[in-house]
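Notes to accompany the following structure.
Here, each number is a calculation from the coordinates, and none is a lab measurement. Owing to the predicted nature of the structure, the values given are computational and were not obtained by experimental measurement. As a convention, Cβ positions derive from the backbone with ideal geometry for all residues, glycine included, and neighbour counts pool all protein chains shown.
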Amino acid sequence: MEFRIRLTTTVTWCLLIASACVLTTTSAARFEVRNEITKHQGRNRSLTVTCWSTTNKLGNQNLKPGESRSWSFKPVYIKIPFLYTYFQCTFFTSFGSPNGQTATVFAGERKFSWQCDNPDEEECIWVVKREGLYLRKISRDHKGERLYEDELRLSWIGGTNYYPVK
């Protein structure tokens, strides 16, 4: 009889712990990379970006000035190895290191979502410019029009980034 009670208690606790660890996801999240390198005629202004997560390799994307690429996914917010949503990208430009520079472009944390823009929309827009990698903030004015503000998050190191911006 005592064994049966212990077994029942153990099973109950296992079910409670398992239900607490159920993955929490939202409908969809998205990050976008835009190439806005301008004002350098004759210079290579193309961008190559390689993105990945713990479970997905998104491959190489070559973007010309003015082009963008976005990825949508279902984020997981519990930090369980190989399940937690965490995307990184390595950016290769003629203005940065020939080895590229890596940045986290999406992390399944509310704090990270607040840095991106609206945490309810789960969207991060990254803009590559001559000076570095920017996170685009979108807000609205009193008329409801969209306003864009780019915040520098990663300066290019090395490469040929020696000329002042005009």
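What distance in nm lies between label points placed 7 Å from Cα along the C-beta direction at Gln88 and Thr38?
3.2 nm
Taking 0.36 nm per intervening residue step and subtracting the Cα-Cα distance, what contour gain separates Gln115 from Thr48 on full extension?
On the way: separation 67, 0.36 × 67 = 24.12 nm, distance 2.43 nm.
Stretched out fully, the Gln115 to Thr48 stretch lengthens by 21.7 nm.
Evaluate the distance, in nm, between pseudo-label points positioned 7 Å from the Cα of Asn62 and of His142 along their respective Cα→Cβ axes.
It is 4.9 nm.
Grab the Cα-Cα distance for Arg69 and Asp150, subtract it from 0.36 nm times how many residues apart they are, and report the gain in nm with one decimal. Mind dumping the intermediate values first?
Working: separation 81, 0.36 × 81 = 29.16 nm, distance 1.77 nm.
Difference between extended and current length: 27.4 nm.
Using the 10 angstrom Cβ neighbour count as an exposure proxy, how do Thr48, Thr38 rank, fewest first?
Details: Thr48 14, Thr38 11.
If I rank by nearby Cβ atoms, fewest first, I get Thr38, Thr48.
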